[in-house]
1. For ALA9, which of the numbered conditions (1) touching a residue at least 60 places away in the same chain (Cβ under 8 Å); (2) touching a Gly at 6+ places or on another chain (Cβ under 8 Å) fails to hold?
2. Determine if segment 109-119 includes at least one residue that is closer than 15 Å to MET170 by Cβ, modelled with pLDDT under 95 and either hydroxyl-bearing (Ser, Thr, Tyr) or buried (at least 20 other Cβ atoms within 10 Å of the Cβ) (or both).
3. Would you tally the residues in segment 1-52 being within 13 Å of the chain's Cα centre (by Cα), under 14 Å from LEU74 (Cβ atoms) and surrounded by fewer than 24 Cβ atoms within 10 Å (Cβ to Cβ)?
4. Select from segment 4-42 the residues that are farther than 22 Å from ASP67 by Cβ and of a type in the set (D, E, K, R) and list them in ascending order.
5. Which ones in segment 128-184 are loosely packed, with under 15 Cβ neighbours inside 10 Å, polar (S, T, N, Q) and not in a helix (DSSP H, G or I)?
6. If you scan segment 1-36, which residues turn out to be of a type in the set (Val, Ile, Thr), assigned to a loop (DSSP other than H, G, I, E, B) and either touching an Asp or Glu at 6+ places or on another chain (Cβ under 6 Å) or closer than 12 Å to THR58 by Cα (or both)?
Amino acid sequence: MGGVKGRVALVTGAGSAEGIGFATARLLMAGGAKVAITSTTDRIFSRLEELGGGNGETFAKTADLTDSAMVGSLISSIEDALGPVDIIVNNAGMVQVGRDEPWTPLASTSEESWRYGIDINLTSAFIVTRAVLPGMIERNYGRIVHMSSVTGPLVGIAGSAAYGAAKAGMLGMARSLAIETGHTTSL
C-alpha cells in the first residue's frame, strides 16, 4: 500500500480479528501509516496488541460512533497520541457485538430498528467524517474511504432495507463530498 507512510489513519469497525476493518488496519500499518482503530467493545485492545500495542505508531479506543461527543473525544485522543487524522476508513456498521438485529421485511421494521440500521451504517460515517474534515481541508490533504456494499447501490436483499439504504447513502455522501471539496484541496 503506497502513499500512506507517515500518515495517520483511522479505521472504524476494526474489532473483529477476521474482519475487513482489522485487515485494512494491518495493511495501512505495513505501508508505514500510524494507525488508530476503534470499535464499540473492548476487544479492540486485543487488536491493538496484535498491531504492536500502542507504541507511538498505533492507538485504540472504544467509541459509539453515532455519538458526536464520543467521536470528538476519539479524534482528540488520536491527535494527542499520533497526530491529525489524514486518512479515514469508515468501516463500522452492519452488526454490533451484543445486539441482535434480525433481518425484517420493511413493512414489519420498527422505527427503532430503521434508525439503528441507518445510524450504525451511515450516521456513524457522517459524524466521523465531519469531525476530521475541517482539519483535512486546512492541511490540504485527506483521504476518506467509505466501506459500502453491493447491497443498496446495486442489489437488494429481502429484510435488509435499512442496511441497503444506508450503504447506498454512503456512496451518495462520498460523491457529494468529492464535489464539495475535490476542486479546492487534494482530498
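1. That leaves (2) as the condition not met.
2. Yes, that holds for at least one residue.
3. Residues in segment 1-52 being within 13 Å of the chain's Cα centre (by Cα), under 14 Å from LEU74 (Cβ atoms) and surrounded by fewer than 24 Cβ atoms within 10 Å (Cβ to Cβ): 1 in total.
4. If the condition is that a residue be farther than 22 Å from ASP67 by Cβ and of a type in the set (D, E, K, R), then LYS5, ARG7, GLU18, ARG26, LYS34 are the ones that fit.
5. Within segment 128-184, ASN140, THR184 meet the criteria.
6. Once the filter is applied, which keeps residues that are of a type in the set (Val, Ile, Thr), assigned to a loop (DSSP other than H, G, I, E, B) and either touching an Asp or Glu at 6+ places or on another chain (Cβ under 6 Å) or closer than 12 Å to THR58 by Cα (or both), segment 1-36 yields nothing.
The values are calculated or read from the model by the stated rules, or taken from the named source; none is laboratory data. All of these numbers come straight from a predicted model, not from anything done at the bench. All Cβ positions, glycine included, derive from the backbone under ideal geometry; neighbour counts span all protein chains shown.
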